[in-house]
Amino acid sequence: MKKILSRRTLLRGAGGVALALPWMESLAPRSAGAATGTAPTRYMPIFLPNGASRNWPATGTGVGAAWSLSPVMAPLADLKAKTIALTNLENGSAFNKNGSSSVEPSHGRQPGAWLCCVDAATTRTALNVADANGISVDQVMAAHAVFAGKTTLASLEVGLSTVYSSCDTFPDTGKPCQCSISRSVSWKTPTHPNYKTVDPLTVFNMIVTGVNAPATVMPDPVAMKRAALRKSVIDSALENANGTRARLAVGDRMKMDEFLDSVRTAEMRATTVSMGMTGGGMACTPIAKPTGATVTPDGIRHTTATYNKGAHADAMNALIVMAFQCDVTRIITYMLEDERSEFVYDHVPRRTWSGSGSSVGSGTCPEYHAGGQHGDPNDYATMTWWNVGKVADLCKKMDAVTEANGKTMLDNTVVFLGGAMHSDDHACEQLPALLIGSGNGKLKTDQNVVFSKRPVRDLHFTIMNSVFGMAQTNFGQNLTGAPIATITEIVAT
């Protein structure tokens, strides 16, 4: 009898490479009357820094033709049927007993509550430590039996930041806020922020080895040597790959070849971006300055001869798809930038905006925070639009991958694109928030749900319970005393 390959078939090579193959028919059970294949359900919050331009909100209320994406959301037009706009979410209730949207210092406090729904000051006081926060929803999920032990990496935290952004300062003391709040939205424990990995080559090596390198660990020397010689992990695993390929059905051989080509492309792209960030040294340091450190803008602040933010985003997008496709992890937190990003968007042409759309103007965009969020509204809208475009590119790549249950990777995922503040007013209400993907049919998509005012913690509660069946009874805090509740409008019946 022909041996049935395991779903977890690995292509092993030098340097600890153990690349898991994606789903293929040859890897599925062949028992008579076998049920339709299953696919993992995944979660990916994507953080949008500095809020969003004031022309963010979708128009209309309801389902299907009753609502429309706003012009800055236009890159998602092809995915509207798989999108949910959530209008008037707030997080001020995590900070203020009266539910006020005023939270200052805004950049130094609000990001910490985006996935935690607590004021970090509460945890700092309770623990009597200088650097603390709540446990973020992605890490509550990663530790739950629904996810725990199912993948080689419990979660993956990635980002695009290349410069130490400002952490904000407390106006009464002049002291900086804890930098971990604006530079990490994922918290494993109250005192352990999961700083994002910004070097795509490091992310690639984590995927192919299944080892989540701590933020302070230098790149693996074997991987560095492989990159320097322009060799691929596929080269080291080629013998194993050829042996596995010979045992696949003809159609799956083509899929395997396409997959290996995509891995090689992702690796080369990651290597190129990594070397461009570090001058060839491949020792890209994660953006994770400790609390209280002198905050100075260093690192790459704009396009250089070897670095382009767009290429960085494209490399990360390819790696995220690869990580999900290989089922290395089912939870990825993606920061498009640090909060209060000070990167100069000179890689993005300026656009002029109206209520119906935009047109290309002259010149390029300025620095994201002061020149964008607090500068020309057209520049701010253009930066928001560009970031939405990169998320759209990622989601389209996910939507092109068909999985065992016949649905796409995007269909089996919940992507939460959102930010911690409204706009240039820094209000902790009317938060930018979109869900893309239905979580394997658990969410009712193609709608704009307009709330009078709704805590963002209700969204996290709904995703944990209604999508992933975690049976949580509480999450975060609401100082107004309002009980936590499911957002029934988005749950598929």
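Annotations for the structure displayed:
- Among the conditions (1) in a helix (DSSP H, G or I); (2) open to solvent by less than 20 Å² (accessible area, probe 1.4 Å); (3) not polar (S, T, N, Q), the only one that VAL415 does not satisfy is (1).
- Filtered by the rule that a residue be open to solvent by less than 10 Å² (accessible area, probe 1.4 Å) and farther than 30 Å from SER232 by Cα, the stretch 179-211 gives CYS179, SER180, ILE181, SER182, ARG183, SER184, VAL185, SER186, TRP187.
- In the stretch 134-155, of all residues being over 15 Å from SER180 (Cα atoms) and β-branched (Val, Ile, Thr), the one that is most open to solvent (accessible area, probe 1.4 Å) corresponds to THR152.
- Checked against the criteria, THR152 counts as more than 30 Å from SER354 (Cβ to Cβ) and touching a Ser or Thr at 6+ places or on another chain (Cβ under 9 Å).
- Just one residue in the set SER100, SER70, SER93 is over 19 Å from the mean Cα position of the chain (by Cα), small (Gly, Ala, Ser) and either modelled with pLDDT under 95 or open to solvent by 10 Å² or more (accessible area, probe 1.4 Å) (or both); that residue is SER100.
- Set ASP393, ASP424, ASP379, ASP411: member being without any contact (Cβ under 8 Å) to a residue 40 or more places away in the chain and of a type in the set (Asp, Glu): ASP379
- All conditions but one from (1) touching a strand residue (DSSP E or B) at 6+ places or on another chain (Cβ under 6 Å); (2) open to solvent by 30 Å² or more (accessible area, probe 1.4 Å); (3) at pLDDT 85 or above apply to ASN240; the one that does not is (3).
- Every listed requirement among (1) in a strand (DSSP E or B); (2) within 21 Å of the chain's Cα centre (by Cα); (3) among the β-branched types (Val, Ile, Thr) is met by VAL450 save one, (2).
- Subset of the stretch 156-177 (residues that are in a loop (DSSP other than H, G, I, E, B) and open to solvent by 10 Å² or more (accessible area, probe 1.4 Å)): THR162, TYR164, SER166, ASP168, PHE170, PRO171, ASP172, THR173, GLY174, LYS175
- Residue check, THR216 within 30 Å of THR169 (Cβ to Cβ), surrounded by fewer than 16 Cβ atoms within 10 Å (Cβ to Cβ) and modelled with pLDDT under 80: yes
- Of the strands (runs of 3 or more DSSP E) entirely within the stretch 319-372, those holding at least 2 residues that are touching a strand residue (DSSP E or B) at 6+ places or on another chain (Cβ under 9 Å) and surrounded by 17 or more Cβ atoms within 10 Å (Cβ to Cβ) occupy 332-335, 349-353.
- Residues satisfying the stated conditions in the stretch 64-108, i.e. of a type in the set (S, T, N, Q) and touching a Phe, Trp or Tyr at 6+ places or on another chain (Cβ under 8 Å): SER70, THR87, ASN88, ASN91
Residue-wise test of (1) within 21 Å of the chain's Cα centre (by Cα); (2) buried (at least 24 other Cβ atoms within 10 Å of the Cβ).
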{"site": "ASP379", "(1), (2)": "no, yes"}
{"site": "THR384", "(1), (2)": "yes, yes"}
{"site": "LYS396", "(1), (2)": "yes, no"}
{"site": "ALA400", "(1), (2)": "yes, no"}
{"site": "ASN405", "(1), (2)": "no, no"}
{"site": "ASP411", "(1), (2)": "yes, no"}
{"site": "GLY419", "(1), (2)": "yes, yes"}
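- The stretch 42-67 - residue that is out of contact with any strand residue (DSSP E or B) (no Cβ under 6 Å at 6 or more places or on another chain) and among the aliphatic types (A, V, I, L, M) and, of those, most open to solvent (accessible area, probe 1.4 Å): ALA65
- Residues satisfying the stated conditions in the stretch 450-493, i.e. within 19 Å of ASN133 (Cα to Cα) and in contact (Cβ under 8 Å) with a residue 40 or more places away in the chain: PRO455, VAL456, ARG457, HIS460, PHE475, GLY476, GLN477, ASN478, LEU479
- Flag if LYS397 is part of a strand (DSSP E or B) and modelled with pLDDT of 95 or more: no
- Hits in the stretch 106-133 (condition: assigned to a loop (DSSP other than H, G, I, E, B) and open to solvent by less than 10 Å² (accessible area, probe 1.4 Å)): LEU115, CYS116, CYS117, ALA132, ASN133
- Residues that are part of a loop (DSSP other than H, G, I, E, B) and not small (Gly, Ala, Ser) within the stretch 135-154 comprise ILE135, HIS144, VAL146, PHE147, LYS150, THR151, THR152, LEU153, listed in sequence order.
The values are calculated or read from the model by the stated rules, or taken from the named source; none is laboratory data. No experiment lies behind these values; they were computed from the predicted model shown. Note that each Cβ is placed from the backbone with ideal geometry, even for glycine, and that neighbours are counted across all protein chains shown. Ligands, DNA and RNA are excluded from the accessible area calculation, which covers all protein heavy atoms including side chains. Shrake-Rupley method; radii C 1.70, N 1.55, O 1.52, S 1.80 Å.
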